[in-house]
1. From A:SER131, A:SER106, grab the single residue that is outside any loop (DSSP other than H, G, I, E, B), open to solvent by 40 Å² or more (accessible area, probe 1.4 Å) and of a type in the set (Gly, Ala, Ser).
2. Is it true that some residue in the stretch B:132-140 is of a type in the set (Phe, Trp, Tyr), open to solvent by 80 Å² or more (accessible area, probe 1.4 Å) and farther than 20 Å from B:ASN249 by Cα?
3. Just to verify a result, which residue in the stretch A:410-435, among those that are outside any strand (DSSP E or B) and more than 16 Å from A:ILE523 (Cβ to Cβ), is most open to solvent (accessible area, probe 1.4 Å)?
4. Return the residues of the stretch A:154-181 that are part of a loop (DSSP other than H, G, I, E, B), modelled with pLDDT of 90 or more and not charged (D, E, K, R); say none if nothing qualifies.
5. Would you check which residues across the stretch A:627-643 are more than 10 Å from ligand 2 (Cβ to nearest atom) and surrounded by fewer than 16 Cβ atoms within 10 Å (Cβ to Cβ) and list them?
6. With respect to the numbered conditions (1) within 14 Å of another protein chain (Cβ to nearest Cβ); (2) open to solvent by 70 Å² or more (accessible area, probe 1.4 Å); (3) touching a residue at least 24 places away in the same chain (Cβ under 8 Å), which one is the sole condition not fulfilled by B:LEU310?
7. Kindly establish whether A:GLU587 is over 19 Å from A:GLU271 (Cβ atoms) and not assigned by TED's automatic domain parsing to the domain that holds A:LEU484.
8. Give the residue that is farthest from A:PRO633 (Cα to Cα), with candidates limited to residues of the stretch A:409-442 that are among the small types (Gly, Ala, Ser) and at pLDDT below 90.
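The values are calculated or read from the model by the stated rules, or taken from the named source; none is laboratory data. In this text the structure is predicted, and so the values were computed from the model without any measurement. Don't worry about glycine lacking a Cβ; one is built from the backbone with ideal geometry, like all the others, and counts go over all protein chains shown. SASA here: full protein model, heavy atoms, side chains in, ligands and nucleic acids out. Shrake-Rupley method; radii C 1.70, N 1.55, O 1.52, S 1.80 Å.
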Amino acid sequence: MKNKQKTMPVLEINNLNVEYKTLTDRIVAVKDISLKVGRKEALGIIGESGCGKSTLTYAIVDYLPKNGSRSGEVIFMGENLLEKSPKEMESYRGNRIAMVYQNPYSSLNPSLTIGFQLEEVTMFHQKFSRSKAREAAIETLTDLYMGDAAGIIERYPHQISGGMQQRVCIAMALLCKPDLMILDEPTTALDVTTEAVILDIIGELKEKYNMSLIYISHDIGVVNKVADRIAVMYRGEVVETSSQEAIFNDPLHPYTRALISCMPRAGVVKETVRLNTIPGYVTRRSAAETGCPFVPRCDKKRPGCEDRYGFTERKSGHFTACDRAYAEDVPERPVQIKKKEVKLPDNGPAPEHRTILQLDKIYRYFGPPGKRIRAVDGVDLTLDRNSVLGVVGESGCGKSTIGNTVGGLLRPTSGKIIFDGTDISVSWRKRSPETLREIQLIFQNPGRSLNPSFTLEAIIGRPMKKLLGINSGEERKKRIVDILKKVDLGEEYLYRRPRQLSGGEMQRAAVARAFSISPNLLICDEPTSALDASVQASVLNLLVDLQKESGASYIFISHDLNVINYLSDMIMVMYLGRICEYGEKHEVVGSPCHPYTEALLSAVPDVDPSIKKEAIRLEGSPPDPTIKIKGCPFAGRCHRKVGTVCDTTPPPKVDFSETHFSYCHIKPAKIEKKVMQAGEVMRTQEI
Amino acid sequence: MDFLERFLKRLGFMVLTMVAMSMLIFFLVEIMPGDVAQTILGQAATEESVAALRESMGLDDPIHVRYLRWAGGFVQGDLGQSIYMRGVEISSIFWRRVGHSMLLAFTAFIFYVPVSILMGILAGVKAGKTADSVISFVGLATMALPEFVSGIILITIFSVYLEIFPIASLIPIGQTIWGNLNILVLPALSITIVMFGYVSRMQRSSMIGVMSSDYIRAATLKGMPRRYVIFRHALKNALLPTITIIGMNMGWLFGGLIVVETLFGFPGLGSLTLSAIKTRDIPLIEACVLFITFIFVFSTFITDMAYAFLNPKIRFKQGEV
Ligand code: SF4
Ligand code: SF4
């Protein structure tokens, strides 16, 4: 008996189906899924949003909305969970199957202390007394490297940082030493350095607690870090499963291939590679539909794909639902994805060395004196015409504030913004129409910046009329159609309203509006962060094309270094309102000179599992932005800290080349010697 | 301390509001047409006697002097004399009426708050089911029913047919309200009918919001039993918006019950105000209106503090970890 338990998978899902009934239709959310998770195995599930990843996990723990129904088998430790009553399920949840979700802040009850929320778990499941439960809570928190565990449990969720909150959520899941832990995008809301630490900890705890994991993410790179096996989901089906390496090196299903090749990653830059895109977007699946779910978007489809096809083992341990695409074309090894990417003809004009934008000691504070948040704390910057500046840093580093200040949404507290020779350090109301036209912004959430009650014609036409002075309706319409075509939205979109558009289409419309009045500077604030990988790729391609064509400059703000690396010419790394490092892309990414850049680069999860890099573990979180910092803002967390000089003296500007500088006390000579290993990886991967 | 700071700020704000409101009331009454002395003495009075009365009442003093005298009297508890009931000190009737009103407000409060909140929770938890439909329907129906209609229905049932409660809520001469507590029931019930809809609907929607939040999902998937999730995890957060609604209505409950009090003949602040207005008893109007204002401002203040106290996000500052 004991032996049998050892070999038995912890979780075995057989032909699981989940359907939602709506008034008019039956929507299939999970279709005929069979999966196994062995003891101590980590199964990663990837796919775009709306592919049924979360639904699958809710089906396991019987937490579907009222109109949802399941069929099939979910065998957990030998027992079919589909046959359990709601009362019986309570003893599984949080006890033997634990879950962690994307947003730690909203997953913790704001009005109960962290201690209370941890203690109740063992008090219910293990019948612990409060004091024993408290001990267990402290112990588990300590396992997660929370220094002051006894202090933390007295606090309320809003009193600790996001990374800490997620650790609390993980601790909560670990308390009863579950057999299976399900993590649903647990790091998506976190900063990349925090994410690296959490991923590390998860891996460690899996061993220590002898658990199996199901790890869900839209980001292959993140899944690579934890998973042994990966399942790719598309529209409710698992289309491919295999070991982690094989999914990247030898993907068999057209969707997996397309998904991997549309993600920007180390070594993929706009100069040499055009991102792959997948036409269309994920649609809902009605029960009437049969055949391959990928048919409408597949570039390999052929007659017969619409009929049912099988999930077969193509190679040992490598299952795929598509037996057509590569079976005949390329029997042995599929085409290398890297070769498939189209090379761009390199005929874009070289960045002309003429300054378009200059920031001179920009400060921007928020809040009353005493509680002043220094969002931007003395930033100097020059931006050339026809070049893309990528601004990267973690949340709260001031990158968006810089964008909003240049865009005129905020006035700088002090300092000068010179745009094309004129001082524009005023709010947009006081800017000339010419300046207003020349500087355009696009944001993460286009839904909020496009007036929902107007048609695209009106939305795009308004600035044309006001700022370009095109009064003839005919002329405007012609131009609007032109620009819509450029962003791949046909004439039929003229009279649509924002809510009739998908997320990607909305962002295209926002780009169209910005470019309709030929700006010279476009500020993009996380424009693709809310989009799925395939849609992100098409928007990034569009931005690259329009930039080449128009010669405008971009300030491209993102937390995602892969995206920044893909799109930028220059990169600026920010921390706590100040510049850490600035330089040309290959300089900053190839030979980072600031410890923070180094840590950031090391933390970026990679799509390619062969890139093994050790993430530098940054301790703690950024300091309180209301406290004035005398020395280096990074001193509290720096892994290369020189000494007390870092705390007391502002780091000097060190030039490494005409374009490359950083602010740090480390002697330049020392930096040359210390091979900053993260940069090395990015460099060798360049194609 | 964040909480203390908030407390002091709101307290200061409350005082400021009262000062501003008292000025507004004073000056509004001031610009009302009609001469007070003339009103008191009647149309037949001679010019001289009017002038003499004006003189003795200090009506010829500059306006700010009169305001300060009036407001100063208030602060010291001197509400002035009634005009209609010649020479009667307002405070002698006023505070008794306030006491009655308070008692009524209190009774109504303990009638409607628990019922509405409980029903609201039930409807929220069972959203979409029969229990919810029934409660929501009753809530909507009672909200649409004006007090004088529901009051008359109550009187018909309880006083006329069942004869349990008196038709009119009068206190026999020479007795106090303490011996006649049964007169409170019907007015309080009719207030309950008015408030039930508001409060239960508010509670229902905030319950639904909280129940669909991520932390309730997390608690459920931690394996906590449903009842425990509802009462331990959901309730405190779901009560916050309701407390605001209840608090904001406290002012109305004290001083705004003109219709209910008149209907039942209840000797409270509302009916006093009404009769003061009817008889143009200016000092009495001023006293009533100012006091009602005070109740409104004060209950907002209390609500705000209760809200801050129940909400740890306000009670405890963002900490550094
Ligand atoms: S079955 Fe056909 S449509 Fe589906 S992925 Fe394979 S080739 Fe494409
Ligand atoms: S100045 Fe000091 S603390 Fe700051 S990054 Fe450089 S070495 Fe680290």
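1. A:SER131
2. Yes, the conditions are met somewhere in the stretch B:132-140.
3. Going through the qualifying residues, I end up with A:ARG429.
4. Answer for the stretch A:154-181, where residues must be part of a loop (DSSP other than H, G, I, E, B), modelled with pLDDT of 90 or more and not charged (D, E, K, R): A:TYR156, A:LEU175, A:CYS176, A:PRO178.
5. A:ILE627, A:LYS628, A:LYS630
6. Result: B:LEU310 fails condition (2) only.
7. No: the conditions fail for A:GLU587.
8. Going through the qualifying residues, I end up with A:SER432.
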